[in-house]
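Comments concern the structure below.
Every number here is computed from the coordinates shown, using simple stated rules; none is lab data. Quantities reported herein were computed from a predicted structural model and do not represent experimental measurements. Here the Cβ is made from the backbone with ideal geometry for all residues, glycine too, and neighbour counts use every protein chain on show.
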Amino acid sequence: MKKKRPVLQDVADRVGITKMTVSRYLRNPEQVSTALQIRIAEALDELGYIPNRAPDILSNATSRAIGVLLPSLTNQVFADVLRGIESVTDAAGYQTMLGHFGYSPEKEELQIRSLLGWNIDGLILSERTHTPASLRMIETAGIPVLEMMDCISPCVDMAVGFDNVEAARQMTQAILRKGHRNTVYLGARLDERTLLKHQGYELAMQEAGLTPRSIMMEEASSFSMGGLLLEEAQTRYPEVDSLFCTNDDLAVGAMFECQRQGLRVPKDMAIAGFHGHDITQVVTPQLATVMTPREEMGKASAALLLARIRGEHTEAEPINVGFTLFEGGSI
């Protein structure tokens, strides 16, 4: 059973002031004297006071909160992005209300409806594909919306990300420059970024006059899945001599499978991943990967969204945070 929470009057009685003075302090501490700030803060701490945001929400006042929807809470990519977002929102006094939708547009719709119900001031999304109902709710809410992870695809409002197609194209070209000719693309989840990277891979192969070949599975990526996809590639395309993987999990898993089979990387099988996770630097050989500035992307996304919330002029053009290639020793 819930305990009775202390209310503003309890704090006021503890300090010996009016409830209105406590309310002024909570809205802006500088509205009361320094000495009174200290006394009110001590009373709030002693009573364990929890602010009640419901009246603000019901009156359509600013919530000082933004919604953030991520497709995965276990993927290091999004953990890094979230760390960047919260480093900015925390400093600005904004709360992040986090939702997870498992790469499902339908579940994203449910999460958007829930977040908008809390009268959030802005919304950060991580996909470009939304249901018609999601788009209608976003339009009706009339709040700033930012989409991350891509700076090329059409966006609802604002965007911060990088060019997935070009990044994959350049990494595939790096593999081919090493003399490999039978490069297979490994993909999982089949989310929009996996498909964009597949486009970049195919473009590089076609530009080199080579036949694109891929193994794509709808299951979530993992180290074990990387090994299974390598085995499938060997079965379907016995001539395979190199792999470009949609992420580092698959690439590292494929490396482990090569070790199990006694294949030398990169002599017998070249392997490249995507995103530049920490593990890519400690495996032997170091994994070739596309380095993406995920934390910086989160920071830029939060900063741009908060600027729009404050009514500051912001450019309509998407922000490209870029990427770099790290060739390591695996290609």
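Observations
- Rounded D (µm²/s) - segment 8-52, Kirkwood Rh over Cα pairs, Stokes-Einstein at 25 °C, 0.890 mPa s: 242 µm²/s
- The N28 and T129 beta-carbon pair, evaluated with R₀ = 45 Å, returns a calculated FRET efficiency of approximately 0.60.
- Centroid-to-centroid separation of segment 291-312 and segment 116-187 [C-alpha atoms, Å]: 15 Å
- Neighbour-limited loop hits for trypsin sites (Lys or Arg not before Pro), segment 220-293 (at most 14 other Cβ within 10 Å; DSSP other than H, G, I, E, B): R264, K267
- Scalar couplings 3J(HN,Hα) for segment 306-316, obtained by applying the Karplus form with A = 6.51, B = -1.76, C = 1.60 to θ = phi - 60°, are 5, 4, 5, 4, 6, x, 6, 5, 10, 5, 7 Hz; x denotes Gly and Pro.
- The C-alpha radius of gyration of segment 164-291, expressed as a fraction of 2.2 N^0.38 Å, stands at 0.92.
- Computed from backbone phi with θ = phi - 60° and the Karplus coefficients 6.51, -1.76 and 1.60, the 3J(HN,Hα) list for segment 216-226 is 10, 10, 7, 5, 5, 6, 6, 4, 5, 5, x Hz; x is used for glycine and proline.
- The gain in end-to-end length when the S114 to V282 segment is fully stretched comes to 56.4 nm, 0.36 nm per residue minus the alpha carbon separation.
- For the chain, share of DSSP beta bridges that run antiparallel, in % to the nearest 5: 10 percent
- Reachable aspartates and glutamates from K267, criterion Cα separation under 19 angstrom, eight or more residues apart if same chain: E231, E239, D241, E257, E327
- Nearest-ten-degree value, helix 192-207 long axis tilted from longest Cα axis of the chain: 30 degrees
- Using R0 = 35 Å, the C-beta based FRET efficiency linking R64 and E106 works out to 0.75.
- Dividing the mean sequence gap of close Cα pairs (under 8 Å, 6+ apart) by how many residues the chain holds gives a relative contact order of 17 percent.
- Label-zone membership for segment 200-230, site N182, 7 angstrom Cα→C-beta point, backbone N under 13 Å: 211, 213
- Each peptide in 243-255, 146-158 receives the mean, over its residues, of other Cβ atoms within 10 Å, and ordering these scores from highest gives 243-255, 146-158.
- Nearby aspartates and glutamates by direct alpha-carbon distance to K4 (threshold 13 angstrom, same-chain neighbours under 8 apart not counted): none
- The Stokes-Einstein estimate for segment 1-140, based on a Kirkwood radius over Cα pairs and taken at 4 °C with 1.567 mPa s viscosity, is a diffusion coefficient of 74 µm²/s.
- Distance between the 7 Å Cα→Cβ label points at Q259 and R136: 5.3 nm.
- Length, then width, then depth: along the principal axes, the Cα atoms of the chain run 82, 37, 37 Å.
- Residue-span extension gain [Q206 to K267] - 0.36 nm each, minus C-alpha spacing: 19.6 nm
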